[in-house]
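See below for the structure under consideration.
Nothing in this text is a laboratory measurement; each read-out follows from the coordinates by a stated rule. No experiment lies behind these values; they were computed from the predicted model shown. Glycine also receives a Cβ, built like all others from the backbone with ideal geometry; neighbour counts cover every protein chain displayed.
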Amino acid sequence: MAGTHAEVVIGAHDLQKHYGPLAAVDGVTFEVYRGEVFGLLGPNGAGKTTTVEMLEGLRMPDGGTLEVLGIDVAAHPDDLKERIGVTLQTAELYPKLTVVEVLDLFRSFYRRSLPTEELIDFLDLGERRNGRTKELSGGQRQRLAVALALVNDPEVIFLDEPTTGLDPAARRSLWDLIEKLKGQGKTILLTTHYMEEAEVLCDRLAIMDHGKLIEMGTISEVVSRRFKERAVQFDRVEGLDDARLAAMTAVSSVKHDDGEVLLYTSDVPATISDLLAATEELKVEAHNLTVRRATLEDVFLVLTGRALRD
Amino acid sequence: MRALLSLTVANIKSFVRDRQALFWTLAFPLIFIFLFGAIFSGGSSKTKIGFADADGSAASIALQQVFASVPVVDLTQGTEDEMLAKFQHGDVSGVVVVAKGYGAAVAAADAGTGPPASVTIYTDPSQSSTANIVKGLVSGVLAQANLGSKPQSIVPVLADLKTQDLNAVSYLVPSILGMSIMQLGIFSAIPLVGDRQKLILKRLSATPLRRWQLIGSNIIMRLLLGLAQTSIIVGIGALVFNVKITGNLFAVAGLSMLGAVAFISLGYVVASFAKTEESANGMVSAIQFPLMFLSGTFFPIDVMPSALQGVARFLPLTYLSDAMRQVMVNGAAYAPLAVCVAVLAGWSVVCFGISARFFKWQ
């Protein structure tokens, strides 16, 4: 995907955005290629939304260069808006209008637009076509938000946390939709809180924290670059402190996540043997002991010190 | 153009489907008119006539008794000056003046040695239906007094006198129209702040829709609503309360539009400083109630304490309602019409300027 022939659709170089003394986005550089799904991950307040809104032409960067579809976004945001599709984190739009009415309204904003029927079919909103948008379920509302992002048949689609707050079934149906869009050759940039979502959808991703990109690449690149290790995971044990855990053989780092302890180790048998010796001595047991490969979630935890879902 | 039109239609649909908004905009002013109209009209269906007798002769007293005996006439007596003052204030609908020497003139006419004695009747031609009722009543009374005397010994002399002040309902209807336009305008702040809070403005900014189209569609929608309000209030005023609309309806509509623009601009100032829909609501209330009560909506400004009169001088609604009364019912001018128009136009320019400087889209 990141091959030499790939066409750069989004190119950000040393992007800066400051709010007073706070650097919301601090020297962000990345490229997104045509036809890929690119994920921007990070905890709340990392600067993801600010970055995306600069890409969308909604906020002007304070520094750096930014080109989307070959358009200098800061100079010609209106040209860009004809050719991109956007969803925001909240999707509450015109509660008193029907699905068809809102779609027709948005179609009127663009020089070129897809037929309303095609959008309704594509997003499976047929049975709710004449229902007011406030009566839609969370999943339907999000599908409508995506439909509104598609009215101008955009080349690039920005989805800001598209599945936050959806139930698992609705989330899965939206994933299918994003896969379908990818199949049509659309370039998609999405932000997400969900590791699994990034793992299912993203060709490449970047992890952001405190306004900076701290990791970027395909999922396997990112995981393997950070982790030759595996994770030994068990429920927290009273009396075993971090210093003692960190001193065990081959342990490179100790993390806590939701009542569980994670030991990242390059030698699983040695670490487990130390752990068992320690629990024996304390006359306790390490419950739910498991060993697994490091995942994106582990990378995130190590890089930002927080679980992504927090 | 297509975007502007679609957005205007979408705004109107949203508004019309919002029962509550519809009620406050269209029905609420009518409730005000009915309520205050009922309070102020006093429930009397009699025609109030002032009777000034400068003669005090047997003949003039007889004439007064004939008037007093008519069941539909509510007769008030006093000097000519007193009666004309009451007339000016709308307390009586017409004044009958019997001049000094009336008794002698009647006697001479009856004896065939002089011309018929005259009685002067003041009515306001701008209130033509009331004027006609008064004239009709007076003619009837005089005909009764003339009964049996040939040729007629008393003839009415009609005098036109334009009253400065209006009866309560005629005063109220244009004022309520001004008040409704004020509310329609300032309330534009609330959905605007709500749309910003719910990120709708941001979502629209991500489309090629221009900001002037967004603002333009909001203003057009409010102006159309203003026209609907104007038609309803003027219609109900004329048909139900018999308010005589003396002015040009296009001028009334034009004034409504100017007033709507002035108060929409004030709404945008509110939207520039309110961060949430709740705070916008609070600010709108804090503005609209003083405006409502201090701008001469329910009673003329000159009956208020002088400190409050000083406040009224600076309120835009004072000028909108004043202009509305001048144009609609020929009401007494607080300020010349041109001044009212200039104040509203200037107000709009200043407020739009402030909003352009301080309004945040996100």
*asked:* With angles folded into 0 to 90 degrees, how steeply does helix B:316-329 sit against the dominant principal axis of chain B? Use alpha carbons for both and round to 10.
replied: 40
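What does the charge add up to near A:Asp274, with Lys and Arg as +1, Asp and Glu as -1, over the other residues with Cβ less than 12 Å from its Cβ?
Values: positive: A:Arg244; negative: A:Asp267, A:Glu280, A:Glu281.
Summing Lys and Arg as +1 and Asp and Glu as -1 gives -2.
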*Which percentage, to the nearest 5, of the DSSP beta bridges contained in the stretch A:8-223 is antiparallel?*
55
*What is the ratio of the Cα radius of gyration of the protein assembly as shown to 2.2 N^0.38 Å, where N is its residue count, to two decimals?*
1.50
*Across peptide A:104-112, what mean number of C-beta atoms from other chains lies inside 10 Å of a residue's C-beta?*
6
*For labels at A:Leu276 and B:Ala159 in the simple 7 Å Cα→Cβ model, what's the distance in nm?*
12.3
_Counting other beta carbons within 10 Å of each residue's own, what order do A:Asp258, A:Asp78, A:Asp203, A:Asp160 fall into, fewest first?_
A:Asp258, A:Asp78, A:Asp203, A:Asp160
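If we count other beta carbons within 10 Å of each Cβ, what is the order of A:Leu275, A:Leu262, B:Leu317, fewest first? Display every interim value, and only then the final one.
Values: A:Leu275 24, A:Leu262 21, B:Leu317 31.
Arranged by neighbour count, lowest to highest, A:Leu275, A:Leu262, B:Leu317 become A:Leu262, A:Leu275, B:Leu317.
For the stretch A:216-308, run through the GluC sites (Glu not before Pro) and keep only the ones in DSSP coil with at most 16 other Cβ atoms within 10 Å of their Cβ.
Here the GluC sites (Glu not before Pro) that fit, given the DSSP loop and packing criteria, are A:Glu238, A:Glu285.
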*Mind giving me the nanometre distance, one decimal, between the label points for A:Asp78 and B:Leu5, set 7 Å out from Cα along Cα→Cβ?*
2.0
*asked:* Once R0 is set to 45 Å, what does the formula 1/(1 + (r/R0)^6) return for the Cβ-Cβ distance between B:Lys46 and B:Gln20, expressed as a FRET efficiency to the nearest 0.05?
replied: 0.65
*For the stretch A:5-52, what ratio Rg/Rh do Cα atoms give with a Kirkwood hydrodynamic radius?*
1.03
_I need the Kirkwood Rh of the stretch B:248-323: take the reciprocal of the average 1/r across all distinct C-alpha pairs and report it in angstrom._
13.6
*Can you tell which of B:Ala342, B:Ala189, B:Ala280 shows the greatest fluctuation in a Gaussian network model of chain B with Cα springs below 10 Å?*
B:Ala342
*asked:* At 1.567 mPa s and 4 °C, plugging the Kirkwood radius over alpha-carbon pairs of the stretch A:8-223 into Stokes-Einstein gives what diffusion coefficient in µm²/s?
replied: 74
*Round to the nearest 10 and give me the degree value, 0 to 90, for the angle of helix B:128-146's Cα axis relative to the longest principal axis of chain B.*
10
_For the stretch A:125-205, report the % of Cα-Cα distances exceeding 22 Å._
23
*Any chance you could list P(r) for chain B, counting all Cα-Cα pairs in 10 angstrom bins from zero, rounded to whole %?*
5, 22, 25, 17, 13, 9, 6, 3, 1, 0
_Can you show me the helix-derived [θ] at 222 nm for chain B, built from DSSP H runs with n ≥ 4 at -39,500 (n - 2.57) apiece and divided by the number of residues, rounded to the nearest 500._
-20500 deg cm²/dmol
*Enter the angle in degrees (range 0 to 90, nearest 10) between the Cα long axis of helix B:211-239 and the first principal axis of the Cα atoms of chain B, meaning the one along which they spread out most.*
20
*asked:* Using a Debye calculation, one point per C-alpha and no hydration shell, please list log10 I(q)/I(0) for the stretch A:228-293 at q = 0.12, 0.16 Å⁻¹ in order.
replied: -0.23, -0.43
_Exposure rule at most 15 other beta-carbon atoms within 10 Å, DSSP loop trypsin sites (Lys or Arg not before Pro): chain B longest free segment_ = B:211-274
*Among the lysines, which have Cα under 22 Å from the Cα of A:Lys134 when same-chain residues fewer than 8 positions away are ignored?*
A:Lys96, B:Lys13, B:Lys198, B:Lys202
_Computed over the stretch B:284-362, the ratio Rg/Rh where both radii use C-alpha atoms and Rh is Kirkwood_ = 1.04
*Compare A:Lys17, A:Lys283, A:Lys212 in a GNM of chain A, Cα atoms joined below 10 Å, and give the one with the largest fluctuation.*
A:Lys283
*Where is the GNM fluctuation largest for chain B (alpha-carbon springs, 10 angstrom cutoff): B:Thr76, B:Thr318, B:Thr25?*
B:Thr76
*asked:* I want to make sure I understand the PRE zone here: with the label point 7 angstrom from the Cα of A:Asp267 toward its beta carbon, which residues in the stretch A:222-238 have backbone N atoms less than 18 Å away?
replied: A:228-232
*So for A:Ser224, B:Ser256, fewest C-beta neighbours within 10 Å to most, what's the order?*
A:Ser224, B:Ser256
*Per 10 Å bin, what percent of the C-alpha pairs of the stretch B:193-242 does each bin hold, from zero upward?*
23, 32, 20, 16, 9, 0
*Work out how far the C-alpha atoms of the stretch B:44-160 reach from end to end along every principal axis, then list the three figures in whole Å, largest first.*
40, 24, 24
